[in-house]
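Undergrad: Just passing along the structure, written as structure tokens.
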Amino acid sequence: MEKPAILKNKYFLYITEFFAGMSVMAVELGASRLLAPYFSSSQIVWTIIIGTIMIAMALGNIYGGKSADKTPDPDKLYGRMIIAGVWIAMIPVVGKYIILGVSALLIFTVNSNFLIWAAFAACVLVFVFPLFLLGTVTPSLAKYSVDSLDESGKTVGTLGAFNTIGSIIGTFVPTFVTIPAVGTSITFLIFAGILLALSICYFLSVKQKKVKIAVAIILFLVCCVFGYSSHFAFWDSDLTYEGESVYNYLQVKENEQQVVLSTNVLFGVQSVLMKNESLTGMYYDYAMAAPLMTEKENPKDCEVLILGMGTGTYATQCNRYFGAMFVEGVEIDERITELAREYFELSEDIKVTTYDGRAFLNAIDKKYDVIMVDAYQDITIPFQMSSVEFFTLVKEHLNEGGVMVVNMNMKGNVKGSINQYLADTISSVFGEVYTVDVKYSTNRELFACDNKAMLENLEAHIQSMEMTGFAEMMSMVSDNLCAYEAGEYIMTDDKAPVELLGMKVIDEIIKDEVAYYKGIFEEQGIKGLLDKLL
């Protein structure tokens, strides 16, 4: 068949290849942000995204090549691109509902590895089909652009180069430009629009498929209307702030008593501000025992470093209960620091460095009396901040008698759990290690020091206090501290399987949380479950 005039200019083919490659990477990065609020942003989730997308692309390559050989009709390729563009535009509108539906179904049917199965199923349902269609682009374009065997290598190589360059740009633009500036939803719409524009240009040039073009434009505009106003927490209409940064999905919620920050998870609490300046009832209160364990006669004289500053809850609470002490923090997400100043009353006097916690320690010589490590959330534990080498670095930055306090989430009873690995690793570095479970939560606080008198110091400070709510809290922490018996589960920079370890604990937590409702489902079916929930 005669080649359409628009395709006789190979630059249109190269442009198609360029934007197809760019769109694939943009969708891949958007997928990670779409899944993060529900499944975290761990290496496990990234592995699932990359794996499923590569499968889709491989199948698309095979189908595209066979289809181009059998029926070398460019109309079919650009028709597939229209479908892919519309599908990608629909992701901001329906993607979150599919993810929640899959999770709701699997949580009652899967007994282990829930995170893996739910994330995989969500990826397959939401992303595989459009990326399968985009996978057909390269072999199809190769068929249409090769005029003779004499230049086939050059032509295919040029197509590959345009695809690669597009992929490179498609990697950087969403991460550093569109997602932080306009969000994940609009990022999907932007790249869907590009695919549709290319396809519409082709069909207009050959004066065909006007009905298909009209339908595609209408569907795209509908998606723009409903996708633009999309929220991850679509059931929550009274959020103070919802947005995205380079690193995180961010959510601020406020009521009469407190302001709360959640990152990447829709239901967790990463930071809190108590408006009446009371205790939080969370792990921050327990962690305030650390300054009382040092050799400082007055805890106010302690110099405190917080790795994983968040919105500064620990810093704010320490200043409220000990007085204006020296506190500085390290927070990798600058947007969180901005939210801390705007919504969480973090004082401008408290210095916050935008940096990775371990890299910060490597860059400074200063020592502190207390170092709090609070960079762990759900399954996304930075491996570089969980190893012997890291905790040795922390120890080197503590003054004599200084104390490290670590907030460990996901406490569990599984042997060889992430918390056991962390505690064993810390015990290989510090001589004295104590833990205390935080009531009504999955958190556990760990205190580590080389001073055998750390508990005596704590008790002496408590005895000198007036009997207030804070003194009672510190007394409760003291009474429930348990000396940790070290094992041999050690993590190093070379081997720190934090995601797999965290997933085991998450499975245990999920089983405990849904056991009651699962029993109702098994006995009374879906009707009984809905009656109970509603």
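The values are calculated or read from the model by the stated rules, or taken from the named source; none is laboratory data. Source: prediction; values computed, not measured. A quick note on method: Cβ atoms are made from the backbone with ideal geometry, for glycine too, and the neighbour counts reach across all protein chains shown.
Undergrad: Hey, could you check region 461-493 for residues that are loosely packed, with under 13 Cβ neighbours inside 10 Å and of a type in the set (A, V, I, L, M) and say which is nearest to A423 (Cα to Cα)?
TA: A483
Undergrad: For region 307-328, give me each residue that is touching a Cys at 6+ places or on another chain (Cβ under 9 Å) and under 23 Å from R444 (Cα atoms).
TA: Here is the first cut: in region 307-328, the ones touching a Cys at 6+ places or on another chain (Cβ under 9 Å) are 318, 322, 325-327.
Within region 307-328, C318, F322, V327 qualify.
Undergrad: How many of the residues in region 6-55 are under 26 Å from D73 (Cα atoms), without any contact (Cβ under 8 Å) to a residue 60 or more places away in the chain and of a type in the set (S, T, Y)?
TA: Qualifying residue count for the region: 1.
Undergrad: Please work out which residue is farthest from N407 (Cα to Cα), limiting yourself to region 307-334 and to residues that are assigned to a loop (DSSP other than H, G, I, E, B) and touching a Lys or Arg at 6+ places or on another chain (Cβ under 6 Å).
TA: As a first pass, look at region 307-334 and keep what is assigned to a loop (DSSP other than H, G, I, E, B): 308-312, 323-325, 331-333.
Now drop any that are not touching a Lys or Arg at 6+ places or on another chain (Cβ under 6 Å), which leaves 323, 325.
Working: G323: 23, M325: 21 Å.
If we take residues in region 307-334 being assigned to a loop (DSSP other than H, G, I, E, B) and touching a Lys or Arg at 6+ places or on another chain (Cβ under 6 Å), then G323 is farthest from N407 (Cα to Cα).
Undergrad: If you don't mind, another one. Given the condition surrounded by 22 or more Cβ atoms within 10 Å (Cβ to Cβ), touching an Asp or Glu at 6+ places or on another chain (Cβ under 7 Å) and either of a type in the set (S, T, N, Q) or modelled with pLDDT under 90 (or both), answer yes or no: does some residue in region 26-38 qualify?
TA: Yes, that holds for at least one residue.
Undergrad: Let me ask something additional. Does at least one position in region 46-57 carry a residue that is under 32 Å from the mean Cα position of the chain (by Cα), surrounded by fewer than 17 Cβ atoms within 10 Å (Cβ to Cβ) and part of a loop (DSSP other than H, G, I, E, B)?
TA: The answer is no, given that none of the residues of region 46-57 is under 32 Å from the mean Cα position of the chain (by Cα), surrounded by fewer than 17 Cβ atoms within 10 Å (Cβ to Cβ) and part of a loop (DSSP other than H, G, I, E, B).
Undergrad: Could you check how many residues of region 105-134 are touching a Gly at 6+ places or on another chain (Cβ under 9 Å) and among the small types (G, A, S)?
TA: Final tally of qualifying residues: 1.
Undergrad: Shifting gears a bit: Of the residues in region 184-212, how many are over 28 Å from F172 (Cα atoms) and without any contact (Cβ under 8 Å) to a residue 60 or more places away in the chain?
TA: Looking only at region 184-212, we keep the residues that are over 28 Å from F172 (Cα atoms), and these are 203-212.
Still in the running and without any contact (Cβ under 8 Å) to a residue 60 or more places away in the chain: 204, 207, 210-211.
Adding up the residues that qualify gives 4.
Undergrad: Looking at (1) more than 14 Å from V406 (Cα to Cα); (2) at pLDDT 95 or above; (3) more than 25 Å from the chain's Cα centre (by Cα), which one does V304 not meet, given that it meets all the others?
TA: Unmet for V304, out of (1) more than 14 Å from V406 (Cα to Cα); (2) at pLDDT 95 or above; (3) more than 25 Å from the chain's Cα centre (by Cα): (1).
Undergrad: When you look at V222, is it at pLDDT below 90, within 30 Å of P37 (Cβ to Cβ) and either part of a helix (DSSP H, G or I) or not assigned by TED's automatic domain parsing to the domain that holds R33 (or both), yes or no? Break it down into steps so the answer makes sense when it comes.
TA: Details: at pLDDT below 90: no; within 30 Å of P37 (Cβ to Cβ): yes; either part of a helix (DSSP H, G or I) or not assigned by TED's automatic domain parsing to the domain that holds R33 (or both): yes.
No: the conditions fail for V222.
Undergrad: Also: With respect to G312, is the statement that it is at positive phi, outside the structural domain of A181 (by TED's automatic domain parsing) and under 24 Å from the mean Cα position of the chain (by Cα) true?
TA: Details: at positive phi: yes; outside the structural domain of A181 (by TED's automatic domain parsing): yes; under 24 Å from the mean Cα position of the chain (by Cα): yes.
Answer is yes for this residue.
Undergrad: Still on this structure, please answer the following. In region 233-265, how many residues are modelled with pLDDT under 85 and over 19 Å from S32 (Cβ atoms)?
TA: Here the count works out to 6.
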